[in-house]
Amino acid sequence: MKIGVISFAHMHAYSFSRVLESLPSVEITGIYDDVPERGERAAGEFAATYYVTVEELLDSEIDAVVITSENVYHKRHVLAAARAKKHILCEKPLATNIEDAEEMIRQAAHHKVNLQTAFPVRFNSTIQDVKAFLEEDKLGEILGIKASNRGSHPGGWFADRTLAGGGAVLDHTVHLIDVMRWFMNTEVAEVYAEIGQLFSIEPIDDAGIITVEFANGAFATIDCSWSRTTSYPKGGDIKLEIVGTKGTLQVDAFGQNIHLYADEKGSVRRFWGDNMNLEMAKEFIASIREKRSPSVTGYDGLKAVEAALAAYQSAEKVAPVKLG
């Protein structure tokens, strides 16, 4: 299977491309990037062809694309790929507004191509264990969840609202909203948020506490900040504490590693666990080969964006925002 990559603007472009190339009979054959130097460098690393336009890439003999451009360009690139009948793995957030996300989903369906939102956390083995525990009713009815997704400020275009659509709230909330929806098979009913700029120089939200009420009555709080220092890994933590009527559970999705923070040595990280990006890539390829919908869809991406955008509305209004 031949894969094209649209833009290496996002740091995940390299990690997604590497895991895809590690799969049997899958290769990265084409790359487009609006920054020629960046695109040519990536093309050299993957022994792929660099294309100067998206249209040339999509006209090539590829079966699917990975879209890792700046958030605001996701719609443009998804629609172009759908019209070219290429299956799509799109980086989160799926879009920067609801209307764009809905149009992306409609066009993918119209052209009969898969649109998978890149939510690798679902494929983390410990997160999948939690899903199994919940399906086995080991926790009973979920009453509340305390969660965090904290990392370092990614810098660059992530701090430019015109390209990113938002800061830490949009960047980090979507992962946890997706996992919670998946865990409980329910939708977000109401969002209340307090959002601020506490750590960065750029005028962008880098901290937030999001309170969520779900349709099943469960409550959740999310710390979605860019509060980690530069010595922390960018994907600093995804942690959840779940309280149910039969018990409680704590999970650290990124806990499969050893961190050393010493002034004289700086930061040392040793990872020994599984690779959730690899498992996500396997699902993307399998869904195409088996001619079925991916387990994580564009609709999942839409619902996560919907909750994150409601958080911004809530912070501005200083009041809860109801959904659906």
Suppose we keep only residues that are of a type in the set (D, E, K, R) and open to solvent by less than 40 Å² (accessible area, probe 1.4 Å) within the stretch 36-87. Which one would you say is farthest from Ile6 (Cα to Cα)? Lys86
Consider only pairs whose beta carbons are under 9 Å apart and that are at least six residues apart or on different chains; among these, list those whose first residue lies in the stretch 243-254 and is over 15 Å from Glu135 (Cα atoms) and whose second residue is of a type in the set (Asp, Glu) and surrounded by 11 or more Cβ atoms within 10 Å (Cβ to Cβ). Gln250/Glu241; Val251/Asp129; Val251/Glu241; Asp252/Asp237; Ala253/Asp237; Phe254/Asp237
For the stretch 100-194, which helices (runs of 4 or more DSSP H) that fit wholly inside it have 2 or more residues that are closer than 19 Å to Ala307 by Cα? 161-164, 168-184
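Evaluate the following for Val54: is it modelled with pLDDT of 95 or more and over 15 Å from Gly298 (Cα atoms)? Please lay out each step first, then the result.
On the way: modelled with pLDDT of 95 or more: yes; over 15 Å from Gly298 (Cα atoms): yes.
Yes, satisfied.
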If we keep only residues of the stretch 137-192 that are more than 23 Å from Phe219 (Cβ to Cβ) and modelled with pLDDT under 95, then the residue surrounded by the most Cβ atoms within 10 Å (Cβ to Cβ) is His153
Pairs only if they're at least six apart or on different chains, beta carbon under 6 angstrom, first in the stretch 206-228 and under 18 Å from Ala310 (Cβ atoms) and at pLDDT 95 or above, second open to solvent by 10 Å² or more (accessible area, probe 1.4 Å) and part of a loop (DSSP other than H, G, I, E, B); list them, first residue then second. Ala207/Leu198; Phe214/Thr186; Ala215/Thr186; Ala215/Glu187; Asn216/Thr186
In the stretch 1-51, the residues that are without any contact (Cβ under 8 Å) to a residue 60 or more places away in the chain, of a type in the set (A, V, I, L, M), over 26 Å from Gly155 (Cα atoms) and in contact with a helix residue (DSSP H, G or I) (Cβ under 8 Å, 6 or more places away or on another chain): Ile28, Ala48
Some residue of the stretch 250-261 being farther than 30 Å from Glu99 by Cβ, surrounded by fewer than 12 Cβ atoms within 10 Å (Cβ to Cβ) and modelled with pLDDT of 90 or more: yes
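The values are calculated or read from the model by the stated rules, or taken from the named source; none is laboratory data. Predicted, not measured: the structure shown is a model, and the values here were computed from it. For neighbour counting, all protein chains shown are included, and Cβ atoms are generated from backbone atoms with ideal geometry for every residue, glycine included. Just the protein is used for accessible areas: all its heavy atoms, side chains included, with ligands, DNA and RNA removed. Shrake-Rupley method; radii C 1.70, N 1.55, O 1.52, S 1.80 Å.
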